[in-house]
Amino acid sequence: MRATYPTYCTSNRTMEPTRKRPVHRPYLDIGNRPVIIFVTVVTKARQPILASPHAHQLLLDAWLRARHWLVGRYVVLPDHIHLFCAPSSAEPGPLEAWVRYWKTIVSRSWPQPEERPLWQSQFWDRQLRSGESYSDRWQYVRQNPVRHGLIENADDWEYQGELNPLRWISDR
């Protein structure tokens, strides 16, 4: 009998099995280090419906209502969102429940019912390990509209911002 081995992906510099659905690991609270999670949420069938003033405002309103996690910096692209978030209290509840909650708020307020469902059921998340990681990841994320050919200068993208400053405090 022949052994079978999982397929591996090296895009994130580690050897991890490729998956159709993301694994949502519990976040680690390590001493005096902040907990900052990088999240990517994608529309159903990659519908390009998010890069509009109305969608942007719906997202902002939903994030402000969903108080268990705080949204820091974010970029809203036509078919997906990148955001950084942090727990708002010592017991914020599962990240999955928070994402599901604000996605539901936006979906219920969505003006075009023919575009529902709006979201893929899953999302991707990764806990940041250092202030350098946060800074590097933000620089990469804010260039996304440029890489997609939507604008020439990242500062010109109107669907980005920062709701809450998430600061990385060094453990030194």
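For segment 125-162 and segment 87-112, what is the centre-to-centre distance using only Cα atoms, to the nearest Å? What the calculation gives is 22 Å, centre to centre.
Using only the Cα atoms of segment 31-172, build the gyration tensor, take square roots of its eigenvalues as a ≥ b ≥ c, and label the shape rounded, prolate or oblate: rounded if a/c is under 1.5, else prolate if a/b is larger than b/c, else oblate. Here segment 31-172 falls in the oblate category. Among the GluC sites (Glu not before Pro) in segment 89-156, those located in a DSSP loop and surrounded by at most 10 other Cβ atoms within 10 Å of their own Cβ are E152. Spin-label model, R108/A45: points 7 Å from Cα along the beta carbon direction are separated by 2.5 nm. What segment 47-169 shows is 53 Å² of accessible area per residue, with the surface traced by a 1.4 Å probe over protein heavy atoms. Computing FRET efficiency as 1/(1 + (r/R0)^6) for R100 and Q127, where r is the C-beta to C-beta distance and R0 is 22 Å, gives about 0.70. With a cut-off of 16 Å on the backbone N, the residues of segment 83-97 near the modelled label site 7 Å out from A154 along Cα-Cβ are 83-84.
The values are calculated or read from the model by the stated rules, or taken from the named source; none is laboratory data. These figures come from a predicted structure and were not determined experimentally. Please note: Cβ atoms are built from the backbone with ideal geometry, for glycine as well, and neighbour counts cover all protein chains shown. These area figures cover heavy atoms from the full protein model, side chains too; ligands, DNA and RNA do not enter into them. Shrake-Rupley method; radii C 1.70, N 1.55, O 1.52, S 1.80 Å.
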